[in-house]
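So the structure is just underneath, and the comments pick up after that.
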Amino acid sequence: MKLKELKTIDIQGKHWRDKKNGNSYFSTDITLNFNQPSEKRLKHSFAYGYGDQYEFSSLELIKEMFPRSKWFKSNWNFNKWNLFEAYGIVVNSSLKRNCFRRELHK
C-alpha cells in the first residue's frame, strides 16, 4: 500500500491498569482503509502507556510502513490532526478502559 492510497485509520484500544504496581498498559487493533478493497489490519500488542499513548504508538507503527514519506523522515510527531491536514487521512480512535489483562493479549 502506498501512502496516497491510505484514506482512513481506525484505532480501537484496550486499557488495563495494574493496580498493584500503579502502571497502565494498552493494546490496539488498527484497521487501515476500513471497509475498502485495500483494507489492512494491524495489531499493536501489549505495551506500557497511559492517556493517548495508544494512539501515538499506533501511528508510529503505521509510519514504519512508509519509509520514503515525509511522515517517516520527519522528526516531528504527526498526530491525527496533522495527518488530516498533510495527507487527508481521517484517523478515528477509541479506548475501552478497565479491561482485564487477558483482554489485551487477544
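FYI, it's all coordinate maths here, none of it is from the lab. Bear in mind the structure is a predicted one, so any value in this text is a computation, not a measurement. Ideal geometry is used to build each Cβ from the backbone, glycine not excepted, and the neighbour counts take in all protein chains shown.
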**OP:** Give, rounded to the nearest 20 debye, the magnitude of the charge dipole that segment 3-104 has about its Cα centre when Lys and Arg contribute +1 at Cβ and Asp and Glu contribute -1 at Cβ.
**Re:** 260
Original post:
For the chain, what is the largest minus smallest coordinate of the Cα atoms on each principal axis, given in angstrom and ordered from greatest to least?
Top reply: 44, 31, 20
Original post:
Over the chain, what is the relative contact order in whole percent, taking alpha-carbon pairs under 8 Å and six or more residues apart?
Top reply: 36
Original post:
Karplus couplings for segment 23-37 from phi (6.51 cos²θ - 1.76 cosθ + 1.60, θ = phi - 60°), rounded to Hz, Gly and Pro as x?
Top reply: 9, 10, 9, 8, 9, 9, 10, 10, 10, 9, 6, 3, 6, 10, x
**OP:** Have a look at the DSSP beta bridges in the chain and tell me what percent are antiparallel, nearest 5.
**Re:** 70
Original post:
How far is helix 53-63 tilted off the main Cα axis of the chain, in degrees rounded to 10, range 0 to 90?
Top reply: 40
Original post:
Projected area of segment 1-62, taken from the Cα convex hull and averaged over every viewing direction, in nm²?
Top reply: 4.2
Original post:
For segment 1-30 and segment 52-78, what is the separation of their Cα centres, given in Å?
Top reply: 13
Original post:
Considering only Cα-Cα distances, which of the following residue pairs are longer than 19 Å: LYS7/LYS96; LYS40/LYS63; LYS19/LYS80; LYS4/LYS70; LYS7/LYS80; LYS4/LYS43?
Top reply: LYS7/LYS96; LYS19/LYS80; LYS4/LYS43
